[in-house]
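Undergrad: If you scroll down you'll find the structure; I have some questions about it.
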Amino acid sequence: MKHLYLIILSMLMLGAQFSCVNDSQDIGPDTNDDDGDDTEVSVDPGIVRDFSEAVTDSSYIVFRILAFDHNKNMKCTHNFYYGYANDSIFRFYIKKGTYDFVFIANEVSDENASRKLQLIGNRNADRIDELKNIFFDHTAFDSKKHIPMVAVKKEIEVLGDTLYMDNGTQYEGVMPIAMTRLAVRVDVTLTTEVELVKRDFQEISFTNIPSRVPLLATEADWTTPIHNANFASDRTGSPYIYVKAKGDKPDWEQYTEAGVKKYRWSKDRIIIPSSTFSDPTQAANAITFRAKLKNNREVKAPLGWYTPNTSAIDPDPIETTQPDYTLPRNTRITFKGELTDYIRFDITIRGWGTRVDVPVENDY
């Protein structure tokens, strides 16, 4: 009976992360190592919990902080988990020393990745190298789910309560964290003056989607990239196909511009996985955007950070003639399409949150 009780207790503790709790917990190996010299660390990741449970570009639902100790061969000494917290500033306690910190938001968008993160710090997975094996499935990237995000702060020396040394600079107070989304956001707007053409509109879709996205952009040496486009997904279904024209009642908005009657259809905030590969010039590896009309009329464009004749350059000139068909994490794409007897798109690709003043116009 005692053994049964221990098994049940262990199961309850294992499942604690997935319950709706507001309390944080440290599930790292040093939890019971209390010698009285712990010091406070406070961080501000710049993301917010929306009490209405709305999913936005910068919202979070759960948050995790991993601490890897330089004095212990990059061993994970703490694994702090904030389950369904409402915090905007996260406080935790740790011994003085030098650490690499990894901050993760919204891991529960992929429960398998979340389970692996829960185990970081145990005896069989206590080194920072373990993080290179954690990926988020492509199904974690959906406009209805909170976006997985990550940030890394390297070689932070914790000197005392809210006192740090970061890259040779000492400062005191709340440590600012710049979270990076592992996703790409796409916004699409189509317009036409021809009612018959808008009725012919069938769908937009994205193909060649990677099946998974790594938690980290590089391995634990922070220099070796981790690529994901070689794990292509065969799925082309939801959430990567968007059909809005059905039967005789397509979902278009009518408006007037300069005295001309026009029609407009928009699909905002499409969330797809980021995509990187070792040779960025290979268009065959690119995520591809497609727009379809009836009678097998279709336009497609391989997407990438710098693809001549298809995208804008953000915003500093790129000193190269080589195309780049990767879509790195934290990228945003805007399509403005005009339908006549063909389809023309203006495509702008930029960093998520930055702006590009002059888009590039291209006909397809």
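Undergrad: Of all residues in segment 321-342, which are outside any loop (DSSP other than H, G, I, E, B) and either among the basic types (Lys, Arg) or free of Cβ contacts under 8 Å to residues at least 12 places away in the same chain (or both)?
TA: Arg332, Lys336
Undergrad: Looking only at segment 99-130, count how many residues are acidic (Asp, Glu) and buried (at least 23 other Cβ atoms within 10 Å of the Cβ).
TA: Qualifying residue count, segment 99-130: 2.
Undergrad: Turning to a different aspect of this structure: Look through segment 334-364, keep the residues that are in contact with a Ser or Thr (Cβ under 9 Å, 6 or more places away or on another chain) and of a type in the set (Asp, Glu), and return whichever of them is modelled with the lowest pLDDT.
TA: Asp346
Undergrad: Next question. Evaluate the following for Leu327: is it within 10 Å of Ile349 (Cα to Cα), at pLDDT below 90 and within 20 Å of the chain's Cα centre (by Cα)?
TA: On the way: within 10 Å of Ile349 (Cα to Cα): yes; at pLDDT below 90: no; within 20 Å of the chain's Cα centre (by Cα): yes.
No, not satisfied.
Undergrad: Now for a different question. Taking only segment 257-287 into account, find how many residues are more than 13 Å from Asp324 (Cα to Cα) and open to solvent by less than 20 Å² (accessible area, probe 1.4 Å).
TA: 7
Undergrad: Among the residues of segment 61-98, write down those that are outside any strand (DSSP E or B) and open to solvent by 60 Å² or more (accessible area, probe 1.4 Å).
TA: His70, Asn71, Lys72, Asn73, Asn86, Ser88, Lys96 - these are the residues of segment 61-98 that are outside any strand (DSSP E or B) and open to solvent by 60 Å² or more (accessible area, probe 1.4 Å).
Undergrad: State all residues of segment 200-220 that are in a strand (DSSP E or B), closer than 22 Å to Lys144 by Cβ and either charged (D, E, K, R) or modelled with pLDDT under 95 (or both); if no residue qualifies, say none.
TA: Answer for segment 200-220, where residues must be in a strand (DSSP E or B), closer than 22 Å to Lys144 by Cβ and either charged (D, E, K, R) or modelled with pLDDT under 95 (or both): Glu203, Ile204, Ser205, Phe206, Thr207, Pro210, Arg212.
Undergrad: If you don't mind, another one. Could you tell me whether any residue of segment 100-109 is over 19 Å from Val152 (Cβ atoms) and modelled with pLDDT of 90 or more? Working first, answer last.
TA: Residues of segment 100-109 that are over 19 Å from Val152 (Cβ atoms), as a first pass: 108-109.
Next, only the ones that are modelled with pLDDT of 90 or more stay: 108-109.
Yes, the conditions are met somewhere in segment 100-109.
Undergrad: Follow-up question, since we're still on this one. Go over the candidates Val197, Val174 one by one and state the one that is surrounded by fewer than 21 Cβ atoms within 10 Å (Cβ to Cβ), at negative phi and at pLDDT 95 or above.
TA: When all the criteria are applied, what remains is Val174.
Undergrad: Tell me which strands (runs of 3 or more DSSP E) are completely within segment 103-167 and hold 3 or more residues being under 17 Å from Lys72 (Cα atoms) and over 21 Å from the mean Cα position of the chain (by Cα), or say none if there are none.
TA: Because the criterion is at least 3 residues that are under 17 Å from Lys72 (Cα atoms) and over 21 Å from the mean Cα position of the chain (by Cα), the strands (runs of 3 or more DSSP E) in segment 103-167 that meet it are 149-160.
The values are calculated or read from the model by the stated rules, or taken from the named source; none is laboratory data. None of these values were measured; they are calculated from a predicted model. Here the Cβ is made from the backbone with ideal geometry for all residues, glycine too, and neighbour counts use every protein chain on show. Please note that ligands, DNA and RNA were not included when accessible areas were found on the heavy atoms of the full protein model with its side chains. Shrake-Rupley method; radii C 1.70, N 1.55, O 1.52, S 1.80 Å.
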